Amino acid sequence: MDIRDVRFKVSAVAAAVVLVAGFLLYLQHRSSSGGDEPYTGPPATPGSPAARPGQTRRIALNTQPSDYPRLKELGYNLVDAKPDDALVAGVPDGMQALLWVGNFTCGDFDLNYDEFTRAVQRYGHNPKVYGWYLSDEPDTGRCPKVAGEIRRRADYIRQNAPGQVSFISLTDWPMKQLAPKRVGVDIYGLDPYPCKGSSDVQDSCNIGAIDRMVRMADDAGIPRARVAPVLQAFGQSCTKGDKQYWLPTQAQFRKILARWDKLAPRPPLEISYSWGHQSEWACPSLADASGGAHPDLQSIMKARNTAK
């Protein structure tokens, strides 16, 4: 999903160089993993509802406080933020924050462990905090130690932040070392992006990519009740870097939603990626998708998020 520090507009040139280098390694590794091949295996089995009607939490990633009124209007009830007094206090009434304290693949964590524990001590009982984003696409194949670090952070949250959740987002890399029985994480984002292969709109998206990743999670021992769909709401026609994805059309987006609704109905959490632009990886994004030059995906999400 890649919402690392770029999401928070890190300005230091050195940090930017590190992030770009890491993403290039990610692309190289992912390409060699075979995860980009069209999925031709069996479909995933239908899932059972994980939450009561109306209980799914909804978030669009890569947001700023200025976005919150529009997000609330569209029915989102979570925002992403860093553990900062001003940012947490600025979460609107009726919304909560998912706090980014994580790492990307094999990179360093945004907060070292001591900083992390101090953040949990400070916000672990704050009613404006929903949970903690511990890792984005951790790659235990290349970096097996990351699982242990996730585990001790998830354990600390469970012991010191009652009612708040631990969250990681997974891609199509080995998942078994990250299953709940091994790391104790509460919710797992799965981020297959079916509209891939060009930055120009194509006739169809590879909806089977969703089945493939859900089956991987099943095989790893991740219960469907803990799965959070990550919805592709971005393209790359105006990025400076990667040009592999296109913004789904309305019809394609509805097919993505329909497939997720069958495999993970009423999940505990649903994620739209991405609201904001990322210069290398997400442009256009859901913030642009309001009709006119881009498909009106915002109206689709508003109807979905506000349905009773």
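The values are calculated or read from the model by the stated rules, or taken from the named source; none is laboratory data. Keep in mind that what you see is a predicted model, and the values were worked out from it rather than measured. Backbone-built Cβ (ideal geometry, glycine too); neighbour counts: all protein chains shown. Just the protein is used for accessible areas: all its heavy atoms, side chains included, with ligands, DNA and RNA removed. Shrake-Rupley method; radii C 1.70, N 1.55, O 1.52, S 1.80 Å.
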Original post:
Which of these, Ala154, Ala89, Ala217, has the largest mean-square fluctuation under a Gaussian network model of the chain (Cα springs below 10 Å)?
Top reply: Ala89
Subject >> Long-range HN-HN contacts of Phe104 with modeled amide H, under 5 Å >> reply: Asp136
Original post:
Principal axis lengths of the range 157-282 from Cα atoms, whole Å, largest first?
Top reply: 46, 29, 25
**OP:** Summarise the accessible area of the chain (1.4 Å probe, protein heavy atoms) by the percent that is carbon and sulfur.
**Re:** 51
**OP:** Hey, can you find the accessible area per residue of the range 179-290 for me, probe 1.4 Å, expressed in square angstrom?
**Re:** 34
Original post:
Where a ≥ b ≥ c are the square roots of the eigenvalues of the C-alpha gyration tensor, would you call the range 215-307 rounded, which needs a/c under 1.5, or, failing that, prolate if a/b is larger than b/c, or oblate?
Top reply: oblate
**OP:** Mind running the shape call on the range 31-123? Use the C-alpha gyration tensor, a ≥ b ≥ c as the square roots of the eigenvalues: rounded below 1.5 for a/c, prolate if a/b tops b/c, oblate otherwise.
**Re:** oblate
**OP:** Could you list the square roots of 5 times each eigenvalue of the Cα gyration tensor of the range 170-233, that is, the equivalent ellipsoid semi-axes, sorted largest first and rounded to whole Å?
**Re:** 26, 10, 9
Subject >> Net charge, Val88 excluded, C-beta distance under 11 Å - Lys, Arg +1, Asp, Glu -1 >> reply: +1
Original post:
Around Ala287, what is the net charge, scoring Lys/Arg as +1 and Asp/Glu as -1 over all other residues with Cβ under 9 Å from its Cβ?
Top reply: -1
Original post:
Going down the list Lys128/Lys302; Lys145/Lys176; Lys128/Lys262; Lys255/Lys302; Lys145/Lys181; Lys196/Lys240, which pairs span over 24 Å between their C-alpha atoms?
Top reply: Lys128/Lys262
**OP:** Any chance you could run the full-extension gain for Cys143 through Asn77? It's 0.36 nm times the residue separation minus the Cα-Cα distance, nm to one decimal.
**Re:** 20.4 nm
Subject >> Max mean-square fluctuation residue, GNM over the chain, Cα-Cα springs under 10 Å, options Asn160, Asn112, Asn77 >> reply: Asn112
Original post:
To the nearest 500 deg cm²/dmol, what mean residue ellipticity at 222 nm is calculated for the chain from DSSP H runs of n ≥ 4 alone, each contributing -39,500 (n - 2.57), summed and divided by the residues?
Top reply: -10000 deg cm²/dmol
Original post:
Anyone know which of Thr45, Thr140, Thr56 comes out most mobile in the 10 Å Cα GNM of the chain?
Top reply: Thr45
Original post:
Relative contact order for the chain using alpha-carbon pairs under 8 Å, separation at least 6, rounded to a whole percent?
Top reply: 21
Original post:
Among Ser279, Ser285, Ser199, Ser66, what's the order by accessible area (1.4 angstrom probe), most exposed first?
Top reply: Ser66, Ser279, Ser199, Ser285
Original post:
In the chain, how does Rg compare with the Kirkwood Rh, expressed as the Rg/Rh ratio over alpha carbon atoms?
Top reply: 0.92
